[in-house]
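A short worksheet on the structure shown next.
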Amino acid sequence: MKTTDFINKSVVFTIALLLAIFSPACKAESNNIRIDLTVPTNPEIINKVRQYSIPWIEVRELKLGESYSDRKGEKSFLNDTVLPDYSFCISDNDTTLEECLKTAYLNSPEIMRAAHEVQQYEAKLRQSLSLYIPEANIILLRSDAGIPALTDHYWNNSITGEISYLIYDSGKRSLLCKAAGDSLMAARYSFLQAWNEKAYKVSSAYYRLLYSYILMCICEDDLIKTRDNLQIAQGFYSTGSKAKIDVTQAEILVKTSEINLTESQASCLNAYTGLISEMGMDPNNYKIKKMKDLLTEPAKPRQSIEQLRQEAELCNPMIGYYEYMNRAALNMASSYLTDRLPQFSANASWGGKTKWSANDTSWSVNFQLKIPLLKNTESKAYAEEQKALAMQALDAKEAVKIAAEEAARASAIQMAAAQKRSETAYSSVETALQNYRLSYLRYKSGVSTIIELNNAIDYLNNTRKLYLASLYDIRMSEAAIDKAIGSSIPDVSPEEFLKAIDEYIEKANQK
């Protein structure tokens, strides 16, 4: 048997044994217990270990320079990447922005409220269409009549069926249906706008979480470096090679790094809870999956400013919303004006009755022409009110066009600037890494001062943060452009969304 095979099988056996030992203890305790087992970076071993995986146990890859809690070795310090990266549980999938948006789409109360508003206007449209349906009634009558001269009572029983229909109304019903249809379209665009706002908030919270997490990694990496520097300085001081000032300065930097790490951890936690809240989830019942290189993905290719403007006019939901609000108001204005015009209706009835012991039946057909005489002032006032609302919607539509174009233009300019800054910052980080490696080796060899090494660390941290900020600005500009144009609806089937609405209503009723 080869030595490597023996080692691999020994590692797998040892981990499997640990799983068997810890499994009962984990089941007896809370589900929050987690045991981290670190294995070498060997795909064969990792695949075999995953076969034994059980809840509460996470298996982590051990990669050079990627340990989250262990102090880095010298070789790791000299092989740093531009942004520090740490391994996560290999059994989880990446949490993409698309997954977060879909979750928010199905769970956010704001989206549910907008969906219920659409349902409200769908009902209003059905109300308007019902005006075309004839009105039918069955009237059951039982009455008592007293005749004083006969000192007696006589019962009158009757049953009558009636049907009536408005034959001509000068187009009022048609205008009301058009207004209801336009209001429904406006409600749908309002729903899209609610989603557009929510998508931007979720995207911003998502990128904020990535930014905060990587910033926390930078602070963690800085703490590891400063602690290592302190150990080196203490070693030099113990042998008399360096003065006490080196140890003092190293201790100050360690404390500063610890403070920065604590602040970054709090910011990361706030960003995490902010994202979960925007998604409409309970932070206590949702576990974030791993994040990996999500900020450094290439940005989506964008068109020219003119193409962005044209796309915004076609897709921005607020433009469509005000367009249909304008149409609905104009149709309502026209419907009010029809109140001054004649109406023609028909009524038919048939009935049978028993009266003083004599059976009798009757029928009737009536036609009615109604010509309003004093409706001019009232109807005109209502119509003018609706026309004013239509002009307000038209003005608001133009304002949204201008704002969308300006937002798209400003965001595109910011993205281009951020991309340029990211290229420059990336080169600066590479230079800072090289400078840190040389300073680290020089100080460890005793040929430089702690000040030179500390300056190298500060320069490396600052350039890393500048690079991280430029990546964050690219993503935020991208989200702002999507908001100005109009965010697309996630790939969710109508049935799934309706089911989510029903579940949301059920939960609301339970509360």
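Just a few scattered comments:
- One residue from Ile457, Ile450 being modelled with pLDDT of 90 or more, hydrophobic (A, V, I, L, M, F, W, C) and closer than 22 Å to Thr256 by Cβ: Ile457
- Count of residues meeting criterion [surrounded by fewer than 18 Cβ atoms within 10 Å (Cβ to Cβ) and under 27 Å from Ile214 (Cβ atoms)] in region 228-250: 1
- Checking each residue in region 459-511 for being outside any helix (DSSP H, G or I) and among the small types (Gly, Ala, Ser) picks out Gly486, Ser487, Ser488, Ser493.
- Filter result for Asn316 (in contact with a Gly (Cβ under 7 Å, 6 or more places away or on another chain), closer than 30 Å to Ala412 by Cβ and modelled with pLDDT of 65 or more): yes
- Of all residues in region 362-393 being open to solvent by 90 Å² or more (accessible area, probe 1.4 Å) and of a type in the set (Val, Ile, Thr), the one that is modelled with the lowest pLDDT: Thr377
- Test result for Asp491, closer than 30 Å to Ile245 by Cβ, acidic (Asp, Glu) and open to solvent by 20 Å² or more (accessible area, probe 1.4 Å): no
- Number of positions in region 254-307 that are modelled with pLDDT of 75 or more and part of a loop (DSSP other than H, G, I, E, B): 3
- Of the residues making up region 394-424, those that are among the β-branched types (Val, Ile, Thr) and surrounded by fewer than 17 Cβ atoms within 10 Å (Cβ to Cβ) are Ile402, Ile413, Thr424.
- For Ile451, the conditions (1) out of contact with any Phe, Trp or Tyr (no Cβ under 7 Å at 6 or more places or on another chain); (2) farther than 30 Å from Val254 by Cα; (3) aliphatic (A, V, I, L, M) are fulfilled apart from (2).
- Tally, over region 219-251, of residues that are more than 16 Å from Ala456 (Cα to Cα), part of a helix (DSSP H, G or I) and touching a residue at least 40 places away in the same chain (Cβ under 8 Å): 3
The values are calculated or read from the model by the stated rules, or taken from the named source; none is laboratory data. Every value quoted in this text rests on a predicted model; they were computed, and no experiment measured them. Neighbour counts are summed over all protein chains in view; Cβ atoms, including those assigned to glycine, are modelled from backbone coordinates with ideal geometry. Protein only, heavy atoms only, side chains kept; ligands, DNA and RNA dropped before computing areas. Shrake-Rupley method; radii C 1.70, N 1.55, O 1.52, S 1.80 Å.
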